[in-house]
1. If we scan segment 176-185, do we find a residue that is farther than 19 Å from Lys21 by Cβ, buried (at least 18 other Cβ atoms within 10 Å of the Cβ) and outside the structural domain of Asp93 (by TED's automatic domain parsing)?
2. So the check is Cβ under 9 Å with 6+ separation or different chains; which pairs have a first residue in segment 145-163 that's polar (S, T, N, Q) and a second one that's part of a strand (DSSP E or B)?
3. Every residue in segment 82-101 that is touching a strand residue (DSSP E or B) at 6+ places or on another chain (Cβ under 7 Å) and aliphatic (A, V, I, L, M), please.
4. Looking at Leu90, Leu140, can you tell me which residue is closer than 21 Å to Phe189 by Cβ, surrounded by 17 or more Cβ atoms within 10 Å (Cβ to Cβ) and in contact (Cβ under 8 Å) with a residue 40 or more places away in the chain?
5. Among Thr171, Thr179, which is more than 13 Å from Lys200 (Cβ to Cβ), part of a strand (DSSP E or B) and either over 12 Å from the mean Cα position of the chain (by Cα) or charged (D, E, K, R) (or both)?
6. Can you confirm whether Glu126 is acidic (Asp, Glu) and in contact with a helix residue (DSSP H, G or I) (Cβ under 8 Å, 6 or more places away or on another chain)?
7. Note down all Cβ pairs under 9 Å where the first residue falls in segment 110-136 and is at positive phi, the second is of a type in the set (Gly, Ala, Ser), and they're at least six residues apart or on different chains.
Amino acid sequence: MSKDHPQNAVYDTVLTSVQNKYTIQQGDILFIEISAFNLTESRDQQGNQPLQGYATASSSDQSIELKGFTVNSEGNVDLPVLGKLSVQGLTVDDVRSKVILLANEYYSNAQVKVFLLNNYVTIVGEVNLPGRYHVYKENLSLIEALALANDCKEWAEREKIKVMRTQNGKTHIYFVDVTDLSIASSTAFYVQPNDVIMVKAQSMKRVDSKDFSFILSGVAALISSVNMIFLINSRYISGTTTQ
C-alpha cells in the first residue's frame with residue numbers, strides 16, 4: 001500500500017450522471033390529469049364545461065389503453081375541451097408545461113399531472129426473476145432495474161450488461177459494466193421506457209458447493225456402473241475361456 005493511499009482511508013467519488021430524458025413516441029399512452037378550483041371569468045361567461053381530461057393508471061395493459069390518452073400516428077393526443085395536442089418528440093415535462101399553458105385559458109391556476117403509462121422494462125437472461133416490469137419511478141437506474149429482477153445470478157457477467165433501446169424506429173445497443181464506479185456517466189445508466197436488459201452468463205460458470213457435490217455424486221455413480229459392467233464382462237469372458 002502506497003503512502004498516498006493508506007489502507008484505512010475512506011474515499012469519496014463524485015460522479016456526474018447522464019440523464020437522457022425519454023421523448024414521447026407514437027403509440028405511447030399518457031396519463032393527463034387537469035384540476036382547478038375555478039373557471040376563468042371569460043370562459044365561464046361563455047358557458048364552457050369543466051375540463052375532464054384525465055386518465056388513471058392500472059396494472060392491466062388493456063385498462064391502460066382504455067383509460068389513457070394514446071399518441072396517434074400523427075404524434076397527437078385528443079384531450080377533452082383542449083382538443084388536439086402535438087406531443088411527439090417532447091419529454092413528459094414538456095407536455096406538462098404545454099398542457100398548463102392551454103389549461104390556464106380555461107381555468108385559473110390549473111394543476112396538471114402528466115406521466116407515461118406504458119413505462120415497462122424487460123429483463124432477461126441470468127437474473128433470478130426475469131420478466132417484464134411496470135416502472136412507476138421517473139428516473140430508474142440500471143442497478144435499480146436489476147433489483148426488480150431480484151439481482152443477477154452468481155455467475156452473471158456483470159461487467160457487460162446489454163441494454164437494447166428503441167428510439168424513433170432505431171434500435172441502439174449499450175454495454176454497461178455495473179461493477180465500475182463510473183457507471184453513472186453511461187448513457188444507459190438510467191433506464192428508459194421499453195428498454196430490454198439482457199444479462200449473459202460468464203464464459204465459465206462458477207459452480208457452487210451444492211452443484212459441485214451433485215456433479216461428484218453423478219461421476220461416482222457413473223464410475224461405479226462402468227466398473228460393474230467391466231467386472232461382469234471379465235467374469236463372463238473368464239468362464240467362456242475355462243469351458
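1. Checked against the condition, which is being farther than 19 Å from Lys21 by Cβ, buried (at least 18 other Cβ atoms within 10 Å of the Cβ) and outside the structural domain of Asp93 (by TED's automatic domain parsing), segment 176-185 yields at least one hit.
2. Cβ pairs passing all conditions: Asn150/Val127.
3. Leu85, Val87, Val92, Val95, Val99, Ile100
4. Leu140
5. Thr171
6. Answer is no for this residue.
7. Going by the 9 Å Cβ cut-off, the qualifying pairs are Gly125/Ala156; Gly125/Ala201; Gly131/Ala149.
The values are calculated or read from the model by the stated rules, or taken from the named source; none is laboratory data. In this text the structure is predicted, and so the values were computed from the model without any measurement. As a convention, Cβ positions derive from the backbone with ideal geometry for all residues, glycine included, and neighbour counts pool all protein chains shown.
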